[in-house]
Structure formats: C-alpha cells, structure tokens
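Notes for the one structure printed next.
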Amino acid sequence: MAGYLYTPEQVAQIAQVAPSTVRVWLRDGRLKGGQLPGGRNVWRVTEAAIGEFFEAAGLSLGTLPSPAELDRRAASAGGES
C-alpha cells in the first residue's frame, strides 16, 4: 500500500475546516474514506482521495505533509497560547 492514511483531524488541517466538516464530507461520500472496524466514527483517508477531492473542487494541493508533520504542527500551534 502506497502513501499515508490521514485522520479527519489531519484532513481538516489541510483543508482549513473543522474536523466535523470533514466527517460530513466522508458520510456524504463527497470525500472517499474508510471506517475502521470496531470503532464508531473512526475514519481514515488516503493521500489519493484527498488529492481527488481537492482536484474536483478545482484546487491544487501540491505535496501533502505527512500525518506526523501535521501532528507536529498541531502540537506546536496548541502550545502557543
């Protein structure tokens, strides 16, 4: 399997929207993703699906940051209060 899997929170960082918005897109099928077994509302989204979603909206993303990089950014931003 090539590429990373992103959480809704990480996709929200990329799209600059709330994680709940990303979950709506997933439930509505606008953004392709998969729910993990055993967990309610536990979604993962592939790099390709993120690219397709933004391309369909006429937006270009370029290279996506890794999930680890997004987590580092979120932790860093959370500490700047």
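First select every other residue whose beta carbon is under 14 angstrom from the beta carbon of residue 55; then total the charges, Lys and Arg +1, Asp and Glu -1.
In short, 0.
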Descending principal axes extents, region 10-81, alpha-carbon based, whole Å: 35, 34, 18
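Which value, in nm² and rounded to one decimal, describes the direction-averaged projected area of the C-alpha convex hull of region 1-51? Walk me through the numbers before you get to the answer.
Values: hull surface 13.9 nm².
Projected over every direction and averaged, the Cα hull of region 1-51 covers 3.5 nm².
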Integer Hz, Karplus 6.51/-1.76/1.60 couplings in order for region 51-59, x for Gly and Pro: x, 5, 4, 6, 4, 5, 8, x, 10
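Provide the net charge surrounding residue 35, with neighbours chosen by a C-beta distance below 10 Å and charges set as Lys +1, Arg +1, Asp -1, Glu -1. Working shown, then result.
Working: positive: 27, 40, 44; negative: none.
Net charge in that neighbourhood comes out at +3.
All of the numbers you see were taken from the coordinates with simple rules; none came from a lab. As the structure is a computational prediction, the values presented were derived from the model and not from experiment. All Cβ positions, even for glycine, are placed from backbone atoms using ideal geometry, and neighbour counts span all protein chains on display.
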